[in-house]
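Here's the structure, in structure tokens; my notes come after.
The values are calculated or read from the model by the stated rules, or taken from the named source; none is laboratory data. Quick caveat, the model's predicted, so the values are computed rather than measured. A quick note on method: Cβ atoms are made from the backbone with ideal geometry, for glycine too, and the neighbour counts reach across all protein chains shown. When the accessible area is computed, the model is the full protein with side chains, heavy atoms only, and any ligands, DNA or RNA have been set aside. Shrake-Rupley method; radii C 1.70, N 1.55, O 1.52, S 1.80 Å.
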Amino acid sequence: MTTATAVSAGPMEYLKTIGVTTNQSGRGFINPYDCGFTNDGRIMVLNHADAARTALIRIGVLNWDEEYLGEFSKGTGRGEGQWTLPIGMTISNDQRIHVTDEHLHRVTVFDTDGDFVRMWGEKGDGAGQLNGPAGVAVAADGTVYVAEQYNHRVQVFTSEGEPVSIWGEFGDGDGQFNMPWGLALDTTGNVYVADWRNDRIQKFTKDGQHLTTYGSSGTGDGEFSRPSAVAVDSEGYIYVADWGNERIQLLDSDGHFIQSLRGQATLSKWAQDFMSVNPDEYNTRQIANLVPDLPDHLDTPYLISAQTEPYFWGPVSLRLDPEERLFVVEANRHRIQVYQRRKD
Amino acid sequence: MSNADIALMAHLMRRAGFGATRDELEQLVGQGYENVVENLLNPGDAGVMPDDVIRRYHSEMAEMRELNSAGAYWMYRMVTTRNQLEEKLALFWHGLFATGYSKLNQANALVNQITTFRRHSLGSYKTMLVELSKDPAMIIWLDNHDNHRDNINENYGRELLELFSMGVGNYTEDDIKECARAFTGWTLGNVEYMSTRASRDSIWPYSRINWHFNYRDYDHDDGEKTFLGHTGNFNGEDIIDIIVQQEATARFVCTRLFQFFAADDVNEAGEAVISDMMATYFASEYEIRSVMRTLFNSDYFRSEESRFARVKGPVELVVGAVRMAGTYQEPTFGADQLARQAMYMGQGIFQPPSVEGWHEGAEWIDSGALVERVNFVGRELGDPSNPGVRAIIDRMSRQSAGALSPEEQVSACADLIGPLELSEGTFTSIREFASEQGPADLRDGSRTEADEQRIANLLRLLTATREYQLA
Amino acid sequence: MTTTNNDRSLVVVQLTGANDPLNTVIPYADGHYYDFRPNVGIPTEQVIPLDGQLGLNPNMAPIKALWDEGKVAIVNGIGYANPTRSHFRSMDIWHTCEPEKIATEGWLGRVIRDLDPAGQNVITGVNFGRGLPRSMGASGVPVASVGNLETYGLFPDVEEERIRGLCLDAFGKMYGGSIQDAVMDYLGQTGRDALKGADILRTAPEKYSSSVEYAENPIAQSLKNVAQVMTADLGTRIYYTQHGSFDTHGDEIKVHGGLWTQVSGAISDFLADLDEHGRGDDAIVLVWTEFGRRIRDNGTGTDHGSGGTAFIIGNQVNGGFYGQYPSLAERDQLDGDLHWNNDFRSTYSTIADKWLGLDPVNIVNGQFEQWDFVRN
């Protein structure tokens, strides 16, 4: 029998789960890929959907109390503010929502009312061009960092979208990348990149000088399989979405392993609404073991997560809210699990 | 390297796989027919499009929420695998053990079922039937989760005998009941919740929860059973042990394999091959690898008689065209179309019309399906920017001593997408088309986009022929 | 069995995803409705009343206009025994008329076969959409599936018109010659049928002109295509199309309302178009969905339920309510859903027998009481 430990001991505390799946517009998530926080307490969730369902792509708006406040979308296509496969989102200090689109190869900027501000990028490998933009981060001074998965590089832009510099190329040496995905900044402006297909996190100065590398391929503590996202808190602790291992790891500021999380989702407020009107499902759910022992051939993290609902499945983004609560965005489970590091 | 060798290898690859390009055929002929058969029967690294790359790009295939995601995910594998027989056999088992999404609402379980088929495809038929009986998708599909110690449900027991092993006329109604009793307690983990979700098509609250097998000892009828003349306190494995020893089972599985891989219709020569396959089945302790070796190495299979004796199924047709065109080699926007196209042609992956699978042979094709077939394949092979089409044009270019006559154009194209044997009427019709559309000069220096498009037009027309519909 | 009514046709509109009956034909006078629908209910003042008890969704004004003309039959409480709440399975049941086991042959396939037993017209049945709905599938029954009528046929993506013409000529010749082989001969006949069906259908848009301006949405365009084929007198009798998704687990008020705006407008325009061409008496429209939805809302939408509503609309329809509107009281519910009270095969039988003049028993797999919604 295959079993997995849900939580290893450590400072991470589970707070709650937000969201529920949907197949329509409105309340609920459809393959959420990222989230962000406005100064006035709103939570924005980027719903990626998929190529056959682009009409459902949107940014949904809610708050910590799980009230659904609305959504916005300019629709699918190449027009201003439209999208096709949006995968990364961040909200800058000046309250601008930056969204990357890996199909349109561009960055689009909205204000927090959902109005279009600007966009830049087209497919290519020159300066100012993008190929498969993924993670995006904006520094305090407005500088925009974009990880380009198919150009295997990080490109830096001004807040207006003017190209500033480019680092990296395909490879597995220091400062080289293999399909980078998520990207994060620490309080001093250093840049952390989830070097996805190299199974590691690389840390750079804000000018792109390689500082250090965390992790290597594997399933052990401090090892990664296709990390998708990284976040760094005010004390320098590093959170990594270990996507291929379907888990979250907490590292200290030197990159030493502290704790691994496998997920422990519970019913969100919206999920409870569903259960309250579908008693046949709720009653049978109550007698089910949601963390079952599985046959030996179902032995990969992916297969285990596919049948273990509380576990992370497809953790594609990690974001810290102003109170440094960690939001784990799960594309395959249409929800966000929220944790917080105990500070003692 | 003779044309006959190429034609034979093309035949083998159409049947054991989805077809091969000329470059591939030349390489395979160099290895020798029987070595190629051995490689097909002993697959190594499949070299398929990696799961991580698929799941990163295709959120729908990562989640495997619904039908077309699962179908396209499998088709990516068929399109990119080096182990063509592995996927062709999986497709065969999917048709034989036809399990449908409609009752399950669980694409992940269906994908796992195909993985199970792949794992046991070339091994013992006994193991295959045991694993099939434990397959969660099959359990829900044929109601074995409702088969209880105190209240049997015969559905799985009946179909196991009728559709998966012996065929009607080889057992009694009592045997069915005893068989069903032996499979009581074979169910899913959390079956109450999972079957409720299945029956309500629920993705709530947090998407599908995949299934796994669970044996409930307390719900299993451990009493004495008499099955096909044997008596004992049989459990499911014991029943399957008896089933696989039956001559009817050998005949059944060998005939189905023959019809899928050799010819839609079984003639006298075919009967002889089936007898040989049955002998191998018993001699090898029910090993499918050995049975397939007997088939592929038989004189009948290698003879002209079995060439183009099957109508290509829709999945075969779509995958064959895509492999020939060289498209979908990496994650592609709108890849769900691969699955949808086969459905438009009458073979929705994971949507067999019933537990009996698809009606094959000429029944694949009606006028609606034919339009879909012609248009899809034409789009793939009628576009000179597709890598496989370009490769065909490049090859013709290398072989060109001068501008090609209409006759030369048609012959070369028919050769390179097959070789395809054309009837005189078909050949004449396409030659006339070639004359009308104008000359093609593919020599370096004189080759233009218009020349390339003319060749692509010919490929489009050649794949629209009756002859191309056959494998 | 009466004689086959040669000029009558049936247009089937499937509302895929399971339309919510409670927000379509609204029991606005019943307090239970507002108790169970605190978040996903239609306020009384917005309901379009049909009588003192039931009213239409506010987005269905065009249907109300037809109702006032006596052209709308509403079958409430339609369903079947032991209802499943799985989309695919329930659709299969409605398509095949076989609730107990998994069947392969569709009821409209059998209708087409009975209308044209010799298969003389390859377009007796036409589906507008990609992929054949199971209801139209029956062995040996040719049916055309038309994604886009303007480009329907072989080689639609050959851009150069001259080359496409040459391709079609060559195709005709390739599939024309007889080859001494049963499979090849069958393929030849099939290819010629395909070519013929496409040739015939392609003439429809060319012949058509109308003052009706259909909206730019898929259902309106499909029904426009139906009108084009019908007015071209090509002998097509059964038309099929679908619209959705009505699977409104969330954002129901907006999504469901938007869909009904489209469906109502499309049907109204379609019937006006037929009237303009003097064909309004020749067609009825059947609108169906695979099941209903939960009586109690889930906060923003409704989940899978049972007991639905079907519509039969046309000049030759006896307007009014058929079937009982199921009670919303808890004691009358079926596991939290509306309790069906009439089998969908009664509605099918009525159409097959009274509208198309066919013996319904084999078509719907049994004898079912019929309604009076067809004028004679």
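Summary table
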{"read-out": "Per-region count, the stretch C:150-199, residues touching a strand residue (DSSP E or B) at 6+ places or on another chain (Cβ under 7 Å) and either small (Gly, Ala, Ser) or open to solvent by 80 Å² or more (accessible area, probe 1.4 Å) (or both)", "value": "1"}
{"read-out": "Leading residue by the ranking (surrounded by the most Cβ atoms within 10 Å (Cβ to Cβ)) among those in the stretch A:161-193 that are out of contact with any Ser or Thr (no Cβ under 6 Å at 6 or more places or on another chain), under 24 Å from A:Glu235 (Cα atoms) and small (Gly, Ala, Ser)", "value": "A:Ala184"}
{"read-out": "Any chance C:Asp233 is assigned to a loop (DSSP other than H, G, I, E, B), touching a residue at least 60 places away in the same chain (Cβ under 8 Å) and open to solvent by 10 Å² or more (accessible area, probe 1.4 Å)", "value": "no"}
{"read-out": "Residue identified as open to solvent by less than 10 Å² (accessible area, probe 1.4 Å) and charged (D, E, K, R) among C:Glu213, C:Glu252, C:Glu206, C:Glu276", "value": "C:Glu252"}
{"read-out": "From the options B:Leu67, B:Leu41, residue that is at pLDDT below 95, more than 9 Å from chain A (Cβ to nearest Cβ) and open to solvent by less than 30 Å² (accessible area, probe 1.4 Å)", "value": "B:Leu67"}
{"read-out": "Scope the stretch C:239-269; condition among the hydrophobic types (A, V, I, L, M, F, W, C), under 11 Å from C:Met60 (Cβ atoms) and more than 14 Å from chain A (Cβ to nearest Cβ); matching residues", "value": "C:Trp260, C:Val263, C:Ile267"}
{"read-out": "Residue pairs meeting the criteria (Cβ under 8 Å; at least 6 apart or on separate chains; first more than 7 Å from chain A (Cβ to nearest Cβ), in the stretch B:194-215; second of a type in the set (Phe, Trp, Tyr) and crowded, with 24+ Cβ neighbours inside 10 Å)", "value": "B:Met194/B:Trp211"}
{"read-out": "Condition check for A:Ile248: open to solvent by 20 Å² or more (accessible area, probe 1.4 Å), of a type in the set (A, V, I, L, M) and touching a strand residue (DSSP E or B) at 6+ places or on another chain (Cβ under 6 Å)", "value": "no"}
{"read-out": "Per-region count, the stretch A:257-277, residues open to solvent by less than 40 Å² (accessible area, probe 1.4 Å), among the hydrophobic types (A, V, I, L, M, F, W, C) and over 12 Å from A:Gly19 (Cβ atoms)", "value": "3"}
{"read-out": "Index of the failed condition, C:Gln180 passing every other in (1) within 9 Å of chain B (Cβ to nearest Cβ); (2) part of a loop (DSSP other than H, G, I, E, B)", "value": "(1)"}
{"read-out": "Elements of type helices (runs of 4 or more DSSP H) in the stretch B:87-133, at least 3 residues being away from chain C (no Cβ under 14 Å) and either open to solvent by 10 Å² or more (accessible area, probe 1.4 Å) or in contact (Cβ under 8 Å) with a residue 24 or more places away in the chain (or both)", "value": "B:107-120, B:125-133"}
{"read-out": "Qualifying helices (runs of 4 or more DSSP H) (wholly inside the stretch B:195-312; at least 1 residues being closer than 27 Å to B:Thr127 by Cβ and open to solvent by 10 Å² or more (accessible area, probe 1.4 Å))", "value": "B:236-244, B:247-261, B:268-283, B:288-296"}
{"read-out": "Residue in the stretch C:123-133 that is open to solvent by less than 10 Å² (accessible area, probe 1.4 Å) and over 28 Å from C:Thr309 (Cα atoms) present", "value": "yes"}
{"read-out": "Of residues in the stretch C:31-70 being assigned to a helix (DSSP H, G or I) and of a type in the set (Val, Ile, Thr), the one most open to solvent (accessible area, probe 1.4 Å)", "value": "C:Thr44"}
{"read-out": "Check on B:Arg149, in contact (Cβ under 8 Å) with a residue 60 or more places away in the chain, farther than 24 Å from B:Ala107 by Cα and surrounded by fewer than 22 Cβ atoms within 10 Å (Cβ to Cβ)", "value": "yes"}
{"read-out": "So C:Asn365, is it at negative phi and either of a type in the set (Asp, Glu) or open to solvent by 10 Å² or more (accessible area, probe 1.4 Å) (or both)", "value": "no"}
{"read-out": "Complete set of residues in the stretch B:390-438 that are open to solvent by less than 50 Å² (accessible area, probe 1.4 Å) and over 21 Å from B:Glu449 (Cα atoms)", "value": "B:Gly418, B:Pro419, B:Leu420, B:Leu422, B:Ser423, B:Gly425, B:Thr426, B:Phe427, B:Thr428, B:Ser429"}
{"read-out": "Condition met for C:Pro117 (at the interface with another protein chain (Cβ under 8 Å from one of its Cβ atoms) and open to solvent by 30 Å² or more (accessible area, probe 1.4 Å))", "value": "no"}
{"read-out": "Close pairs from the stretch B:25-37: first over 9 Å from B:Asp5 (Cβ atoms), partner loosely packed, with under 13 Cβ neighbours inside 10 Å and at pLDDT below 95, Cβ under 9 Å, at least 6 apart", "value": "B:Glu26/B:Met1; B:Gly30/B:Met1"}
{"read-out": "Within the stretch C:138-169, tally of residues that are of a type in the set (Gly, Ala, Ser), without any contact (Cβ under 8 Å) to a residue 40 or more places away in the chain and at the interface with another protein chain (Cβ under 10 Å from one of its Cβ atoms)", "value": "5"}
{"read-out": "Selected residue (criterion: nearest to the chain's Cα centre (by Cα)) from residues of the stretch B:434-448 that are within 13 Å of chain C (Cβ to nearest Cβ) and under 17 Å from B:Leu381 (Cβ atoms)", "value": "B:Ala434"}
{"read-out": "Any chance A:Thr54 is in contact with a strand residue (DSSP E or B) (Cβ under 6 Å, 6 or more places away or on another chain) and in a strand (DSSP E or B)", "value": "no"}
{"read-out": "Extreme residue, surrounded by the most Cβ atoms within 10 Å (Cβ to Cβ), among residues of the stretch C:294-311 that are in a strand (DSSP E or B) and in contact with a helix residue (DSSP H, G or I) (Cβ under 7 Å, 6 or more places away or on another chain)", "value": "C:Gly308"}
{"read-out": "Enumeration of residues in the stretch B:168-188 that are in a loop (DSSP other than H, G, I, E, B) and open to solvent by less than 10 Å² (accessible area, probe 1.4 Å)", "value": "B:Phe183, B:Thr184, B:Gly185"}
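Residue by residue, here is whether (1) out of contact with any His (no Cβ under 7 Å at 6 or more places or on another chain); (2) assigned to a helix (DSSP H, G or I); (3) at the interface with chain C (Cβ under 7 Å from one of its Cβ atoms) holds:
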site: B:Gly348; (1), (2), (3): yes, no, no
site: B:Pro353; (1), (2), (3): yes, no, yes
site: B:Ala362; (1), (2), (3): yes, yes, yes
site: B:Ala369; (1), (2), (3): yes, yes, no
site: B:Arg379; (1), (2), (3): yes, yes, yes
site: B:Asp383; (1), (2), (3): yes, no, no
site: B:Gly388; (1), (2), (3): yes, yes, no
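A quick yes/no check of all residues on (1) touching a helix residue (DSSP H, G or I) at 6+ places or on another chain (Cβ under 7 Å); (2) of a type in the set (Gly, Ala, Ser); (3) under 27 Å from C:Lys254 (Cα atoms):
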site: C:Leu22; (1), (2), (3): yes, no, yes
site: C:Pro38; (1), (2), (3): no, no, yes
site: C:Gly70; (1), (2), (3): no, yes, no
site: C:Thr96; (1), (2), (3): yes, no, no
site: C:Glu100; (1), (2), (3): no, no, no
site: C:Ala103; (1), (2), (3): yes, yes, no
